Every structure is written in structure tokens, then in C-alpha cells.
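Inspection log for the structure reproduced underneath, given as C-alpha cells.
The values are calculated or read from the model by the stated rules, or taken from the named source; none is laboratory data. The structure presented is a predicted model; accordingly, all values stated were derived computationally and were not measured. As a convention, Cβ positions derive from the backbone with ideal geometry for all residues, glycine included, and neighbour counts pool all protein chains shown.
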Amino acid sequence: MGIVTTTFESQKAPCGRILAGQHVQDHDDDGFVEDDYYFACGCRSIHHELHDGSICSRIVRHDGKVLVDDLVSEH
């Protein structure tokens, strides 16, 4: 599967507002998964599952405040 980008009109952003934005998804046969949301206000929610089983999640409000910054490693 290649990168799939879709738009949405009304979804709750990390700042609490209901906004439009883009949802980007990608994955490969080796276990990589990308599932990212980018909101019109500048907020973003990023979730990546890496080939080694590690999971990286990051949620950032439009003002730069990091709400979640997690890296879970299988090793």
C-alpha cells in the first residue's frame, strides 16, 4: 500500500476544537505503520509502528505544547 491521504471536515483536534484536516496512512509488508492526523489549527497527532515493533505516539497542540510523547520499544 502506498501513502493514502484523506481529508475530513469535522474532527476533534487535541486543542478541543472541531476542525477540518488531513489523515495520512501508510504501511508496508514488513510491519511499518504510519497513522497521522494534521488539523487546520496546526495540531497534530502522530502514531508510528516501526519495523522492530516499537511504537511512537506524539500529540502536539497548535501552540506547540506536547500532550503525548511516547516511545514504546519491544527490546
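Looking across region 47-60, the residues that are assigned to a loop (DSSP other than H, G, I, E, B) and either of a type in the set (A, V, I, L, M) or touching a Leu at 6+ places or on another chain (Cβ under 9 Å) (or both) come down to 50, 54. Considering region 36-75, and only residues there that are β-branched (Val, Ile, Thr) and touching a Lys or Arg at 6+ places or on another chain (Cβ under 9 Å), the residue that is farthest from residue 15 (Cα to Cα) turns out to be 46. Restricted to region 1-27, and to residues there that are assigned to a strand (DSSP E or B) and hydrophobic (A, V, I, L, M, F, W, C), the residue that is surrounded by the most Cβ atoms within 10 Å (Cβ to Cβ) is 19. Annotation note: Cβ proximity below 7 Å between a residue of region 45-72 that is at positive phi and a residue that is of a type in the set (D, E, K, R) and modelled with pLDDT under 95 (sequence gap 6+ or interchain) occurs for 53/74. Here 35, 70, 30, 63 are screened, and the one residue that is in a strand (DSSP E or B), more than 15 Å from residue 3 (Cβ to Cβ) and of a type in the set (Asp, Glu) is 70.
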